[in-house]
1. With springs only between Cα atoms under 10 Å, which of B:209, B:287, B:260 fluctuates most in a Gaussian network model of chain B?
2. Toward the positive end of the charge dipole of chain B, about the Cα centre and with charges on Cβ (Lys, Arg +1; Asp, Glu -1), which of B:116, B:268, B:243 goes farthest?
3. Listed highest first by mean packing, meaning other Cβ atoms within 10 Å per residue, what order do B:168-180, B:371-383 come in?
4. Under the classification rounded if a/c is under 1.5, otherwise prolate if a/b is larger than b/c and oblate if not, where does the range A:21-92 fall, given a ≥ b ≥ c as square roots of the Cα gyration tensor eigenvalues?
5. When a/c is below 1.5 the answer is rounded, else prolate if a/b is larger than b/c, else oblate, so apply that to the range B:103-186 with a ≥ b ≥ c taken from the square roots of the Cα gyration tensor eigenvalues.
6. Roughly how many debye, to the nearest 20, is the charge dipole of the protein assembly as shown about its Cα centre, given +1 on each Lys and Arg Cβ, -1 on each Asp and Glu Cβ, and no other charges?
7. Dipole of the range A:21-92, Cα-centred, from +1 at each Lys and Arg C-beta and -1 at each Asp and Glu C-beta, to the nearest 20 debye?
8. In the Gaussian network model of chain B, springs joining C-alpha atoms below 10 Å, which of B:62, B:304, B:152 carries the largest mean-square fluctuation?
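What follows draws every value from the coordinates through simple rules; no lab data is involved. Owing to the predicted nature of the structure, the values given are computational and were not obtained by experimental measurement. Here the Cβ is made from the backbone with ideal geometry for all residues, glycine too, and neighbour counts use every protein chain on show.
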Amino acid sequence: MVAHPRAAARAHRLRPLNQPKPIRVEADESGEPQAVVLGRECLAVAAVQDHWRIDDEWWRERPVSRLYYLLLLEDGQVVTVYQDLIGLRWARQAY
Amino acid sequence: MRIACLNIPRFAVEVERQRRNDVATRLILIGDGTVFDCSLGAEASGAKPGMRMSEAIGLCHRAVVLPPDMPHYQRRFEEVLDFLEDYSPAVEASDPSILRLRSGRGLGIAFLSLDGLSLEPEPFADGLIASLHRRFGFMAAVGIAGGKFTARVAAQTTRPGLAKAVPSGGEAAFLAPIDVALLPCSGDTLRRLGLFGLRTIGELASLPLAAVQAQFGPEGRRIWELAQGIDREPLRPLRREESIREHLAFYAPLISRQALVTAGRGLLSRLLGQPAMNGRAARRMALQVLLSDGRCWERAIVFREATADQEQMLCVLRSAVETAPLTAPIEELAIELSGFAQEMGKQEGFFSGNGRQRRQVAESIRQLKARYGRSPVLQIVEVEPWSRIPERRHALIDYDP
């Protein structure tokens, strides 16, 4: 028989996937990205292929408000980045 | 035998005051249809436990009305009982079924056996009151007597923070001026005692036993004996049932039931992998969901037959979660299995698909787990696949076949 320890068990967390990674982005006055720093390289944005905004969880203490951009870079890579409209920080995240 | 009774008056109100700063200085009524518990101020306005809530609000219109959170009160009371077990080897909660009753009476009352303790009862009681206050912030009263009833009356008639010891043989004299309403009898008996003009326990004690028994039957005999200070009811120490428990805290509060079921699958997998479950099956499963507004939803499930089958448990869990009144995002899920029995053998199908391959994978993972201490294999699970926030859609959980 195993006695009940009567102690709180260790909480096992779900580990979230696809967490946003902070990234350096240079934007113009309108806020549109002009260049993205990937590793040691600063790559110019060749085209903004799409952009969209999400506003969610506005009822919580830390609501989510992000402006996503799908960018075609000068070397042909396509990356998705977003600007957090509350903290004004940039992050890279597959959508 | 000397027994101490610890009474924390208005336990539910005190618990709510500790939990919510915004009601710390307000008049409080707890209940839904009827009043479960009320603060001292509300009681002074005429409200009392058991009264209809509409009537209580009419008497005390400035009071804050809170819905009863029984699982939370029960948890806090269990913490107190655990603490009391450090003071005495035999501790009894006032009434194990009290949480099923819709009345605040009895919640917050516990009995301790003082037999074999080297300390004198009064210093013991003073130390207990002080330690309880330091640890939990509850101010209790303690009554000490030769029986449970007298000890309880002593605790209920003494101001919080004080102890009252009734000397051996002095029970009847102590109880004599006490109101008959404190006797453990039915409402009908109380009403009839009033009709006979019996207001105090002493007045009841002065009657011959035969007359009381003729009027009130076996209940009459019992309350007459109690009034005489004769209390043969033994102390029934708590029985700790063997159980295993796992809980999962969410990195962001969940708003979907599907995600809750997914989390439940992970927890069941962990529970069924524990050594305590080796070759055994569980008869009962308790679910506990903590919501972001501080409330808690609990559900106890009894299986038709003891089971160790994850899919069977998950099926029951799913149906419970689908009907659960979850009024706020979910912060934590806990599952407890208990009522262990030997697992019954089940005949597998002759052509059982890819069972062999699965067993090989499971065995490999078991070996890796033995080597590294935890399963190095993770499983991707859908959490909120429809979420607009990408990191909410999927998560990794330990793969534990």
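1. Largest GNM mean-square fluctuation: B:209.
2. Towards the positive end, the residue furthest out is B:268.
3. The packing order, highest mean first, is B:168-180, B:371-383.
4. In terms of gyration-tensor shape, prolate.
5. Working: a/c = 1.95, a/b = 1.22, b/c = 1.59.
Since a/c reaches 1.5 but b/c is at least a/b, the shape of the range B:103-186 is classed as oblate.
6. Value, rounded to 20: 780 debye.
7. 340
8. B:304
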